[in-house]
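Nothing in this text is a laboratory measurement; each read-out follows from the coordinates by a stated rule. Keep in mind that what you see is a predicted model, and the values were worked out from it rather than measured. Virtual Cβ from ideal backbone geometry, glycine too; neighbours counted across all protein chains shown.
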Amino acid sequence: MSKLFVGGLAWATNDASLKEHFEQFGEVTDAKVITDRETGRSRGFGFVTFSESDSANSALQELNGSELDGRTIRVDTATERSRGGGGGPRRGGGGGGGSRW
């Protein structure tokens, strides 16, 4: 399996339209537009997984710079984000609430 990163997505693009755009190059096993956890709105990028790496390579060559839902998309090989190390919990706001006596 080969996974591609797709950036520059229109707000209107959803999982189904993303999958449909890439299916012309082979079997798409998964297509996911990444959404904001709080608003549910697209974050403007997603991932497409092909069952065959040749299909993914063809899609990468042909669709990078193509248009989807009125926007020019960027297609690249997806890299797995390493888990653990760095980052840690989100830092936010500071102390909050004063002390208890």
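Taking the mean number of other Cβ atoms within 10 Å as a proxy for protection, how do you rank 64-72, 34-42, 2-10 from highest to lowest?
Packing order, densest peptide first, comes out as 2-10, 64-72, 34-42.
Residues of the stretch 2-26 with an amide N closer than 11 Å to a point placed 7 Å from the Cα of residue 71 along the Cα-to-Cβ direction: 6-14. Treating each Cα of the stretch 1-64 as an identical point scatterer and summing with the Debye formula, the log10 of I(q)/I(0) at q = 0.13, 0.25, 0.27 Å⁻¹ comes to -0.31, -1.00, -1.12.
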